[in-house]
Amino acid sequence: MRIAVIGAGVVGVTTAYALGKRGHEVTVIERHDDAGRETSFGNAGQRSYGVVYPWADAAMVRRALPWLVKADGPLKMAMPPSFDTLRFLLATLRFALAPGVYGLNKRAMVHLGTYSRRCFLDLEQELNLDFDGGHDGLLHLASSPAQMAEYRKTGELLDELGVPYQLLGPREVRDYEPGMTGDGPLHGAIRYQTDGTGDCHLFSRALARACEQHGVSFRFQQQVQRLVADDRRVQAVEMTGPDGRSDSMAVDACVVAAGCWSPGLVAPLDMRLPIYPVKGYSLTAPLLDPERAPRSTVHDDNFKVVSTRLGDRLRATGFVELADFARDIPEARLATIRKSVESRFPGCADLDQASRWTGFRPMTPDGPAIIGRGSRDNLYLNTGHGTFGWTLSAASAELVAQVIDQEPTALSLDPFRPDRFRV
């Protein structure tokens, strides 16, 4: 079967690998000049299988206003907000306040995360990929007794779902992260024992090369203009190259894995994907003293900043910003990220030499990704993973491949079905 995968971020590349391994003739179409150049480029570096959760959370809604007005709060919004921003927020509020929806979506996402860990381990056994990856666990710090109490409640759900974790006191936290010598408040942590790390950009590039060895072809610097389709099937993908020349590729099937740019591709085919570009920022700095740096991933709940060890580099990431596709990087955002790192791991990295990045997480208003068959018999979606694209990519790729090959899926796709937003 000749299949086009639109998007060469981590979700698109893992999808291409899963399909190529099954013997399909796969072509990946990407507007950038290499794999992993957009949202996959500078993300937090954490594969947080046990931490995945829906964006639409009533507790988050209660915290949102104080965060917005706090100078270094983790939530920001461009003012005045655009129509798209307001529509997304209203949809999120509706899902957050709907009885029982958060719990159902949380369980579905954790099951998907658990499956993704298995898929990643299998993939890493098959291939020798160099991406500064590991599975040494993830720490969520508690800066207050109230936060520690919240982690105890989280532990009850994790027990129910069979996700291994530990509740740690301050001394135990420092045993796991001896480089954490800063003066940030610490009342303990929850440790997700099986979670992982890795440079998503390096992984995407390395896996793209492995895909090519399985016969997958890549067409970079190609802007998809439209999907040519009748009422039943997608027949071709039309694209434009850097020289302005148009081209068309006939397909037997098409997978849209274009993150925040997915809605525009499928809107002409009667599909509404309410994906919003939630903006985040990161700094990636060379280590000055590896002994002072995190061993794995540490989430600082005080600033909502994640610090991750990636080989001889530190990646620090933060903020949820609602500003549509604005690519500016305000100094105030980076100052908060630096403040978090210095409060936990002072002197570990040369933050003055850090590379800056901003990107857009493709967020759905309810939280779960969009995985499965679309509005045409041979149209498939693998998009809308929000902040968890790196974490969930290996699982969602296998699930889409199972759907395309008409196999029973490893998990129920009902919470992720593309048509759930139809009105």
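The values are calculated or read from the model by the stated rules, or taken from the named source; none is laboratory data. All values reported here derive from a predicted model rather than from experimental measurement. Cβ: placed from backbone, ideal geometry, glycine included. Neighbour counts: every protein chain shown. Keep in mind that these areas ignore ligands, DNA and RNA; they rest on the heavy atoms of the full protein, side chains included. Shrake-Rupley method; radii C 1.70, N 1.55, O 1.52, S 1.80 Å.
What is the distance in Å between the Cα centres of segment 204-228 and segment 342-406?
17 Å
How far is helix 101-126 tilted off the main Cα axis of the chain, in degrees rounded to 10, range 0 to 90?
That helix lies at roughly 80 degrees to the long axis.
Among 110-122, 307-319, 38-50, how do they line up from the highest to the lowest mean number of other beta-carbon atoms within 10 Å? All intermediate terms of the calculation are to be shown ahead of the outcome.
Working: 110-122: 20.0, 307-319: 23.8, 38-50: 25.4.
Top to bottom by mean Cβ count within 10 Å: 38-50, 307-319, 110-122.
In the chain, carbon and sulfur make up what percent of the accessible area (probe 1.4 Å)? Each step should come with its number before you reach the end.
Values: 8650 of 17410 Å².
Roughly 50 percent of what the probe reaches on the chain is carbon or sulfur.
Using a simple charge model, +1 on the beta-carbon of Lys and Arg, -1 on the beta-carbon of Asp and Glu, nothing else, what dipole does segment 195-266 show about its Cα centre, in debye to the nearest 20? Please report the intermediate quantities before stating the final value.
Working: 7 positive and 9 negative charges, 17 e Å.
Computed charge dipole of segment 195-266: roughly 80 debye.
Quick check: from the Cα gyration tensor, does segment 78-225 come out rounded (a/c under 1.5), prolate or oblate?
Values: a/c = 1.79, a/b = 1.20, b/c = 1.49.
It is oblate, given that a/c is not under 1.5 and a/b is not larger than b/c.
Which of the residue pairs K153/K279; K153/K304; K153/K339; K21/K279; K70/K106 have a Cα-Cα distance greater than 23 Å in the structure shown?
As for pairs spanning more than 23 Å Cα to Cα, those are K153/K279; K153/K339; K21/K279; K70/K106.
Residue-wise, which Karplus ³J(HN,Hα) couplings in Hz belong to segment 158-164, taking 6.51 cos²θ - 1.76 cosθ + 1.60, θ = phi - 60°, and x for glycine or proline?
Each residue's phi maps through the Karplus curve to give 5, 4, 4, 8, x, 9, x Hz.
Can you work out the Karplus-derived ³J(HN,Hα) for every residue in segment 184-192? Use 6.51 cos²θ - 1.76 cosθ + 1.60 with θ = phi - 60°, whole Hz, and x for glycine or proline.
3J(HN,Hα) across segment 184-192, in whole Hz: x, x, 8, 10, x, 6, 10, 10, 8.
Any idea what angle helix 331-344 forms with the longest principal axis of the chain, computed on alpha-carbon atoms, 0 to 90 degrees, nearest 10?
Tilt of helix 331-344: around 50 degrees.
Taking the Cα atoms only, what angle lies between the long axis of helix 389-404 and the longest principal axis of the chain, rounded to 10 degrees?
Orientation of helix 389-404: about 30 degrees from the principal axis.
At what distance in angstrom do the alpha carbon centres of segment 310-328 and segment 106-175 lie from each other?
21 Å
Order 298-305, 244-251, 132-139 from most to least packed using the mean count of other Cβ atoms within 10 Å.
Values: 298-305: 23.6, 244-251: 12.8, 132-139: 19.9.
Ranking the peptides 298-305, 244-251, 132-139 by packing returns 298-305, 132-139, 244-251.
Kindly rank 168-176, 154-162 from highest to lowest mean number of other beta carbons found within 10 Å of each residue.
On the way: 168-176: 15.4, 154-162: 13.2.
Most protected by this proxy first, the peptides run 168-176, 154-162.
Leaving out ligands and nucleic acids, and using a 1.4 Å probe, what accessible area per residue does the chain come to in Å²? Mind dumping the intermediate values first?
On the way: 17410 Å² over 423 residues.
Result: 41 Å² of accessible area for each residue.
Determine the shape class of segment 73-127: with a ≥ b ≥ c the square roots of the Cα gyration tensor eigenvalues, call it rounded for a/c under 1.5, and otherwise prolate if a/b is greater than b/c, oblate otherwise.
Values: a/c = 3.75, a/b = 1.86, b/c = 2.01.
Judged from the Cα gyration tensor, segment 73-127 comes out oblate (a/c at least 1.5, b/c at or above a/b).
For n ≥ 4 DSSP H runs only, could you compute -39500 (n - 2.57) per run for the chain, divide by its residues and tell me the 222 nm figure to the nearest 500? Write out the running numbers ahead of the final one.
Working: 10 runs with 138 residues, N = 423.
Helix contribution divided over all residues of the chain: -10500 deg cm²/dmol.
I need the phi-derived Karplus couplings for segment 295-311: 6.51 cos²θ - 1.76 cosθ + 1.60, θ = phi - 60°, integer Hz, Gly and Pro marked x.
Result, rounded to whole Hz: 6, 9, 10, 10, 9, 8, 6, 5, 10, 6, 10, 9, 10, 10, 7, 10, x.
For segment 323-382, state which chymotrypsin sites (Phe, Trp or Tyr not before Pro) are in a DSSP loop and have at most 16 other beta carbons lying within 10 Å of their beta carbon.
Numbers: sites: F325, W357, F360, Y380; in loops: F325.
Sites meeting the loop and neighbour criteria: F325.
Looking at (1) 21.7, 77; (2) 27.7, 94; (3) 20.7, 63, which value of Rg and Dmax of the Cα atoms in Å comes from a calculation on the structure shown?
Comparing each candidate, only (3) matches the computed number.
Looking at the chain, what % of its DSSP beta bridges pair antiparallel, to the nearest 5? Please report the intermediate quantities before stating the final value.
Details: 55 of 76 bridges.
Looking only at bridges with both residues in the chain, the antiparallel portion is about 70 percent.
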